[in-house]
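In what follows, a single structure is set out as structure tokens and then discussed.
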Amino acid sequence: MINTVVFDLGGVIINLNVPRCVENFKRIMGESNVRNILGIDDEGEGVVAVSAATKQLMHDYEYGNISTEDFLQTVLSYCHAGTTIDEVRAAWLSMLDELPQDRLDYIASLRQAGYKTVLLSNSNSLHWDPIWEQYNLGSYFDAVFASHHLHMAKPNREIFEHVVHEAQIDCDKTIYVDDLEKNRAAGEKYAGWQTVASIDELKKRIP
């Protein structure tokens with residue numbers, strides 16, 4: 001019997017608009033830099049490593065090893081002359097789209113029904129902070145884990161083991177919701193969780 005639900009954030013709870021983000025960055029840094037420096041894939045996979053520079057920059061920011069200011073200044077150094085740091089910040093934030101209230105209401109209903117709800121996200125400060133504050137996410141979860149706070153990220157074994165231990169999760173009674181197949185596979189392999197790709201799929205399991 002399921003007693004715990006672990007949720008990803010981007011692409012599951014809040015929608016992402018990667019194509020919009022890509023177009024905004026193309027305007028300020030050119031298409032080649034979007035792919036080679038940011039490694040943004042506008043076909044739906046979000047941020048992927050496509051070069052050594054991308055791999056290091058995105059790894060460091062997602063793992064919380066560099067500050068938002070350092071991240072923005074590094075990206076700015078690859079932008080067209082005259083670009084401002086505020087334009088870089090706005091372009092990065094444009095990846096975030098709407099967060100339907102019914103998803104939060106559903107998570108709240110699960111918690112009220114006695115399920116343990118856990119948030120597990122690969123994120124970064126610039127995306128995380130406004131979402132956290134605007135939607136008061138802390139009130140919907142019994143435990144919250146973000147890559148940039150932990151200095152570890154999905155799909156690596158260590159973050160799943162950390163979450164299981166810290167949140168005291170019964171692995172054989174847990175469903176994990178993540179839109180990326182590689183993360184679901186890691187949840188199954190390293191934690192023994194059942195997995196689904198969306199909240200709509202989860203609702204079929206837990207109406």
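Below are the figures for this structure:
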item: Net charge of Cβ neighbours under 11 Å - reference M1; Lys, Arg +1; Asp, Glu -1; result: -1
item: Amide proton proximity set for F7, modelled H, under 5 Å, gap of 5+; result: V118, L119, L120, V177
item: Distance histogram in 10 Å bins (all Cα pairs of the range 102-207, percent per bin); result: 14, 48, 36, 2
item: Per-pair calculated FRET efficiency, R0 = 25 Å: I2 and D102 via Cβ, rounded to 0.05; result: 0.75
item: Accessible surface of the range 65-207 [probe 1.4 Å, protein heavy atoms]: carbon and sulfur percent; result: 45 percent
item: Convex hull volume per residue for the chain, taking Cα atoms only, in Å³; result: 109 Å³
item: Taking only Cα atoms of the range 155-207, radius of gyration then Dmax in Å; result: 10.8, 32
item: Nonlocal amide H pairs with T195, under 5 Å, H built at 1.01 Å; result: Y176
item: Rough spin-label spacing in nm, given labels placed 7 Å along Cα→Cβ, for T84 and E158; result: 4.0 nm
item: Extension gain, A113 back to E166 (0.36 nm per residue minus Cα-Cα distance, nm); result: 16.9 nm
item: Label point distance in nm, A185-D70, each placed 7 Å from Cα along Cα→Cβ; result: 3.1 nm
item: √(5λ) per eigenvalue of the Cα gyration tensor, the range 75-127, largest first, Å; result: 37, 12, 6
item: GNM top mover of S125, S94, S77 - the chain, alpha-carbon springs below 10 Å; result: S77
item: Karplus-derived HN-Hα couplings along the range 86-92 (A = 6.51, B = -1.76, C = 1.60, θ = phi - 60°), whole Hz, x at Gly and Pro; result: 5, 5, 5, 4, 5, 5, 5
item: Beta bridge orientation in the chain: antiparallel %, DSSP, nearest 5; result: 15 percent
item: ³J(HN,Hα) computed for each position of the range 15-29 - Karplus, 6.51 cos²θ - 1.76 cosθ + 1.60, integer Hz, glycine/proline x; result: 6, 10, 10, 5, x, 5, 4, 4, 4, 5, 6, 4, 5, 9, 9
item: Average accessible surface area per residue within the range 51-207, 1.4 Å rolling probe, Å²; result: 49 Å²
item: 21 Å Cα-Cα threshold exceeded, pairs from K26/K154; K154/K204; K173/K204; K116/K203; K116/K173; result: K26/K154; K154/K204
item: Amide hydrogen neighbours beyond the local backbone of L96, cut-off 5 Å, H modeled; result: N17
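The values are calculated or read from the model by the stated rules, or taken from the named source; none is laboratory data. Just so it is clear, the structure is predicted and the values come from calculations on it, not from any experiment. When we count neighbours, we look across all protein chains shown, and the Cβ atoms used for this are built from the backbone with ideal geometry, even at glycine. In case anyone asks, the SASA skips ligands and DNA or RNA and just uses the protein heavy atoms, side chains included. Shrake-Rupley method; radii C 1.70, N 1.55, O 1.52, S 1.80 Å.
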